[in-house]
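No value in this document is a laboratory result; all are computed from the given coordinates. Everything numeric here is computed off the predicted structure, so don't read it as measured data. So basically every Cβ, Gly included, is an ideal-geometry build from the backbone, and we count neighbours across all protein chains shown.
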């Protein structure tokens with residue numbers, strides 16, 4: 001069910017999307033951008049993004065501007081004169097934007113405050129936003145939908161925006177594609193296709209044990225190479241996966257920027273990952289994904305366009321805890337079950 005449209009003033013000339021982070025959450029908000037551009041083709045659309053996430057939308061054709069949110073530099077604003085000056089300048093930038101609409105998809109006190117600072121006549125957000133952020137909105141929506149993509153769509157639809165699930169798309173830049181093509185030659189010189197494994201995740205409880213990753217990779221030894229992706233800080237983890245793995249397993253953690261990683265994922269035959277940004281990036285570039293889920297819930301953050309979730313069968317599944325005394329859920333995901341899901345994805349099964 002899409003939220004009923006709310007009464008809003010005239011169509012906007014300047015719109016700000018507030019969704020600073022995290023990377024996967026930014027990708028799930030992309031349908032709102034696409035819908036805004038479709039509905040208001042002449043509007044100027046800006047997006048408030050963290051420095052870390054900004055590269056993924058740096059060359060997006062539907063976006064006119066990104067407003068960097070230097071979160072780390074602003075952190076000590078209350079005790080650092082330089083940070084306080086930076087905060088004042090950041091808030092002035094928001095006011096100078098002269099936005100007609102602000103759509104806050106983050107739903108935290110900070111993001112709600114930023115929306116209020118703009119002075120926009122329409123400030124839309126979720127009625128159940130955390131930390132009292134809802135108090136800053138002129139238009140509040142309480143979606144019945146559970147999946148994060150559908151919640152974003154419901155908020156946009158309540159403003160009369162024609163946004164759709166299939167709008168969750170990313171288009172790598174030509175430079176990123178060229179770089180990825182060079183890496184693909186290194187991973188898959190025979191050109192038969194490769195698997196992209198993304199072991200890292202921000203939550204400890206979402207992590208699939210390295211020994212299990214190795215077992216899954218071994219099932220494709222001699223048949224299909226495997227590329228391990230992640231950031232520079234993830235290289236040691238990926239090395240643990242690669243060490244002792246049978247077959248052609250290449251550790252590329254730390255060797256790509258975000259746009260280059262997106263382009264490399266776009267050339268993969270299938271992506272395998274925990275519930276992380278990689279699963280939404282894969283769907284956004286049209287690649288099937290197998291998502292390993294323990295503490296998170298498939299109805300909220302599982303694959304929604306293409307791919308499937310392999311879900312832990314434990315009583316506490318979907319606990320949403322970032323820390324756990326036993327972390328058994330991810331360990332119960334049998335490698336043979338993961339391999340079977342990959343086989344189905346490679347054979348074109350949804």
Response to the item:
With the convex hull built on the alpha-carbon atoms of region 174-346, volume per residue in Å³ sits at 103 Å³
Discussion item. Just to be sure I understand: if I project the alpha-carbon convex hull of region 1-130 onto a plane and average over all orientations, what area do I get in nm²?
Written reply: 8.4 nm²
Discussion item. Modelling each spin label as a point 7 Å along the Cα-to-Cβ direction, I'd like the residue 324/residue 82 distance in nm, to one decimal.
Written reply: 4.2 nm
Worksheet item: How long is the gain from residue 243 to residue 299 if the chain were fully straight, where each residue apart is worth 0.36 nm and the alpha carbon distance is subtracted?
Response: 16.7 nm
Worksheet entry | Gyration tensor (Cα) of region 278-350, equivalent ellipsoid semi-axes in angstrom | 23, 14, 9
Worksheet item: Using alpha-carbon pairs under 8 Å, 6+ residues apart, how would you state the relative contact order of the chain in percent?
Response: 15 percent
Discussion item. Once you keep just the Cα pairs under 8 angstrom separated by 6 or more residues, what percentage relative contact order results for region 14-167?
Written reply: 26 percent
Practice prompt. Could you order peptides 313-324, 135-146, 93-104, 199-210 by the average number of other Cβ atoms within 10 Å of their residues, highest first?
Written response: 93-104, 199-210, 135-146, 313-324
Fill in: Hydrodynamic radius (Kirkwood) for region 237-296, which is based on Cα pairs only, to one decimal in Å
12.6 Å
Discussion item. What distance in nm separates the two pseudo spin-label positions at residue 334 and residue 164, each 7 Å out from Cα along the beta-carbon direction?
Written reply: 4.0 nm
Worksheet item: How big is D, in µm² s⁻¹, for region 15-71 by Stokes-Einstein at 20 °C and 1.002 mPa s if Rh is the Kirkwood radius over C-alpha pairs?
Response: 192 µm²/s
Worksheet entry | Convex hull of the chain built on C-alpha atoms - directionally averaged projected area, nm² | 18.2 nm²
Discussion item. Starting from a Cα-only point model with no solvent, please compute log10 I(q)/I(0) by Debye for region 134-254 at q = 0.18 1/Å.
Written reply: -0.96
Worksheet, complete the sentence: For the pair residue 65 and residue 110, the simple spin-label estimate (label points 7 Å beyond Cα toward Cβ) gives in nm 2.2 nm
Worksheet entry | Rg over Rh [alpha-carbon atoms, Kirkwood Rh] for region 45-196 | 1.06
Discussion item. Over region 174-346, what is the relative contact order in percent, taking alpha-carbon pairs closer than 8 angstrom and at least six residues apart?
Written reply: 23 percent
